Amino acid sequence: MDADFSLSDEEKKFFHQNGYIGPITVYSPDEMERMWKTVQRETLDRSYAAYQDDAVSGGTNIANYDRHLDIDLLAQHVCNARIVDRVASILGPDLLCWRTEFFPKYPGDEGTDWHQADTFANASGKPQILWPGETEEDFGAGTITVWTAFTESTRQNGCLQIIPGTQNKMNYDETKQMVYDESRINSEEKDGVTRGFFGYDYRQLQIDPDWKPNEEDAVPLVMEKGQCVIFWSTLMHASFPNTTTGKNYRMGFAARYVPTKVRVYPNTERVEEYGGSIPLDNYGAVLVSGEDRYGHNKIARETLRGTPFMKRDAE
Ligand SMILES: O=C(O)CCC(=O)C(=O)O
């Protein structure tokens, strides 16, 4: 029988209290280094990317969404049993990976603003996921994010930070509008730290404009290359700036999961955010485990190069 990487009862308890679990080793550092070298080279070839250059208007990080739909090693990564079994222990066996994103921090890059994401309407102004019963006005669940360190992630090069236990109360209202301004990038100090949200200021979504995150309770997630952390997107999270010089960049790869009952990109043909815009014609959510008994979402059974996604079989 295949190895089972489900969370133990103790780990589930920790997760439910704290909203995260990790770091967890998915790959050895050597394995990760080899994999990242190949993936990095393959990202340069966009001939099969879901969002073609001529369609990705605006030159922003929206262009690095969903490369698991065309790069085999990333397709394998989102279906990796060490990840999927653990996420299934939280969300149940019928699971979709609905989005992936690279999060680079190069030397000199700002940290990421403190934030929580629920429907991911935060930048686009339109909910990207809705759980059963949720509407565009009334929601409250989020996604499970699995953030894997493709390179070593240290305080100096911009590791993630989280505030444990904050996942059940939103401090931000995603129906408010943030204003995109590219000139903001790397130029704003917040409480003595250079931070931003990829051209937005996340504070614009605060429910109480005078509220501040309790940074005294923040935990830095220092990770070896090949380790991941699993957290609710509604957990308060941020990252440090990369204050190193030279070549010490950190590369995070976030894979986002929801149960099949969730509607992904409801009534949406184009996603517009981060100064860019992508059409969803080539988009599909990936069934990484179990069955889709709902039929709410377009499912990608194979990558855009024709490689089947290796779903984890449900018992
Ligand atoms: O890597 C970062 O700095 C931010 C990541 C993040 O916000 C996320 O994965 O949801």
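The values are calculated or read from the model by the stated rules, or taken from the named source; none is laboratory data. Given the structure is predicted, the values throughout are model-derived calculations rather than measurements. Backbone-built Cβ (ideal geometry, glycine too); neighbour counts: all protein chains shown. These area figures cover heavy atoms from the full protein model, side chains too; ligands, DNA and RNA do not enter into them. Shrake-Rupley method; radii C 1.70, N 1.55, O 1.52, S 1.80 Å.
Looking only at residues that are in a strand (DSSP E or B) and open to solvent by 10 Å² or more (accessible area, probe 1.4 Å) in the range 260-272, which one is farthest from the ligand (Cβ to nearest atom)?
R270
Please specify each residue of the range 82-99 satisfying the condition of being of a type outside the set (A, V, I, L, M) and within 19 Å of P23 (Cβ to Cβ).
If the condition is that a residue be of a type outside the set (A, V, I, L, M) and within 19 Å of P23 (Cβ to Cβ), then R82, D85, R86, S89 are the ones that fit.
Please enumerate the residues belonging to the range 13-53 that are surrounded by 19 or more Cβ atoms within 10 Å (Cβ to Cβ) and assigned to a loop (DSSP other than H, G, I, E, B).
G19, V26, Y27, A49, A50, Y51
Do you know which of the residues in the range 235-251 that are under 18 Å from I163 (Cβ atoms) and open to solvent by less than 10 Å² (accessible area, probe 1.4 Å) is nearest to the ligand (Cβ to nearest atom)?
Within the range 235-251, the match that is nearest to the ligand (Cβ to nearest atom) is S239.
Could you tell me whether T145 is β-branched (V, I, T) and crowded, with 22+ Cβ neighbours inside 10 Å?
Spelling it out, T145 is indeed β-branched (V, I, T) and crowded, with 22+ Cβ neighbours inside 10 Å.
Please go through the range 172-214 and pick out each residue that is surrounded by 15 or more Cβ atoms within 10 Å (Cβ to Cβ) and of a type in the set (A, V, I, L, M, F, W, C).
If the condition is that a residue be surrounded by 15 or more Cβ atoms within 10 Å (Cβ to Cβ) and of a type in the set (A, V, I, L, M, F, W, C), then M178, I185, V193, F197, F198, L205 are the ones that fit.
Could you check, for the range 215-225, whether at least one of its residues is without any contact (Cβ under 8 Å) to a residue 12 or more places away in the chain and open to solvent by 50 Å² or more (accessible area, probe 1.4 Å)? Let's see the steps before the verdict.
Within the range 215-225, the first condition is being without any contact (Cβ under 8 Å) to a residue 12 or more places away in the chain, and the residues that meet it are 216.
Then drop every residue that is not open to solvent by 50 Å² or more (accessible area, probe 1.4 Å), which leaves 216.
Checking the range 215-225: at least one residue is without any contact (Cβ under 8 Å) to a residue 12 or more places away in the chain and open to solvent by 50 Å² or more (accessible area, probe 1.4 Å).
Please pick out the residue among G290, G306, G295 that is of a type in the set (G, A, S), over 21 Å from the mean Cα position of the chain (by Cα) and open to solvent by 50 Å² or more (accessible area, probe 1.4 Å).
Within the list G290, G306, G295, the selection yields G295.
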